1. Ranked highest first by average number of other Cβ atoms within 10 Å, how do 115-125, 160-170 line up?
2. Could you go through segment 249-265 in sequence order and give the Karplus-derived ³J(HN,Hα) for each residue, using 6.51 cos²θ - 1.76 cosθ + 1.60 with θ = phi - 60°, rounded to whole Hz, and x for Gly and Pro?
3. Using protein chains only and a probe of 1.4 angstrom, how many square angstrom of H225 are accessible, to the nearest 10?
4. For the residue pair S116 and H140, what label-to-label distance in nm results when each label sits 7 Å from Cα along the Cα-to-beta-carbon direction?
5. Could you give the length gained by full extension between W203 and L42, i.e. 0.36 nm per residue of separation minus their alpha carbon distance, to one decimal place?
6. Bin width 10 Å, alpha-carbon pairs only: give the P(r) of segment 83-173 as whole percents, running from 0 to the bin holding the largest distance.
7. How big is the chain by Rg and Dmax over its Cα atoms, in Å?
8. Quick one: what are the phi-derived ³J(HN,Hα) couplings along segment 211-228, Karplus 6.51/-1.76/1.60 with θ = phi - 60°, whole Hz, x for glycine and proline?
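The values are calculated or read from the model by the stated rules, or taken from the named source; none is laboratory data. Worth saying up front: this structure is predicted, and the values here are computed from it rather than measured. Positions of Cβ are generated from backbone atoms using ideal geometry, with glycine treated the same way; all protein chains shown enter the neighbour counts. Note: accessible area is taken over every heavy atom of the protein model, side chains too, but ligands, DNA and RNA are not part of it. Shrake-Rupley method; radii C 1.70, N 1.55, O 1.52, S 1.80 Å.
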Amino acid sequence: MIEYLVLISCLGFLAFLIPGRHRNYAAIIGWIFIVLFLFATLPEYFSENNFLYPLMAILSVPFLYITVKHLLADDIRVHYLTRAAAIAFLIYFPFAIDDYTQISGLGTLLINMVVSQVVWLLHLFNYPVSLESWNIIAQHGFRVEIILACTGIQSIAIMLGVAAAVPTTLRQKVYTFLLVAPTIYILNLFRNVFVIMAYTSQWFPYYPDIAGNGEVGYESFFWAHNVIAELLALVILIIIAYSLFTLIPRLGTFADELYQLYYGELVRGFGRDRGNGPEKPEPSPETTSGSGLVSADQPDEPGNQ
């Protein structure tokens, strides 16, 4: 049932890309249902002692309020942000469609490819493992299931969506893809290798009161996957984002505009300063009348990654 929240959100964002008076309302549906999805998955993340996504769910509430407010005001900054989300969904959903059908498609193909490459890397590092199923890697009595979230496609889609938020040239599009997709995909393979080795060899059996969930050996998975890998992934995404700002200068300006918008709204919400964050920015050079935007020439389970 939770998957359908993502489906409705995706349909809302994709409808936003179609010109018409409905666009702002379609975007609102997209944002509302993605926030509902975050809250619907909270029990799963709490069971894994993963507190990053619950924190994101809490922060999504004021984010949603500000976003809806400025969508209704036809704010170009929030249009660009929604465009980024819509393009990200457009890239991601063909891989996630397997969850809604009985047909193995791109998602299954991508998982198969990642599993084979991860197993090859593990053997290259002289760490023999076995396959208990098409996507379950086992060693020393521990098993790790590779799911779609382990392939890096979500991060790739998000970063390509961010890059597509503002109009870019064809050269910028090509360079952006080459910067984002191969980099994230290859680094994600090594992330999987690290987590599998750390979990199956029990590298981090520390602080079971914090990291344990009742499963034998889960502590090593917690520290490897939920802490070390998550932090490293965050650092890498920040580096990639900085590189994108260098490649697409308008993207850096857009990021600053978003900061001014959301920070200003939060400050005003607490009544500390009513002068931050312009209510309505000047139209961007790339925008036109009408829609305010022209087209540019974009969970884990215990033991899962």
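1. On the way: 115-125: 15.3, 160-170: 21.0.
Descending packing order for the listed peptides: 160-170, 115-125.
2. Calculated HN-Hα couplings, in order: x, 4, 5, x, 4, 4, 4, 5, 4, 5, 4, 4, 5, 6, 5, x, 5 Hz.
3. About 0 Å², ignoring ligands and nucleic acids.
4. With each label point 7 Å from Cα toward Cβ, the separation is 2.8 nm.
5. Details: separation 161, 0.36 × 161 = 57.96 nm, distance 2.74 nm.
Contour length minus Cα-Cα distance gives 55.2 nm.
6. 16, 36, 27, 17, 4, 0
7. 20.7, 63
8. 9, x, 9, x, 7, 5, x, 5, 4, 5, 5, 4, 5, 6, 8, 7, 10, 5
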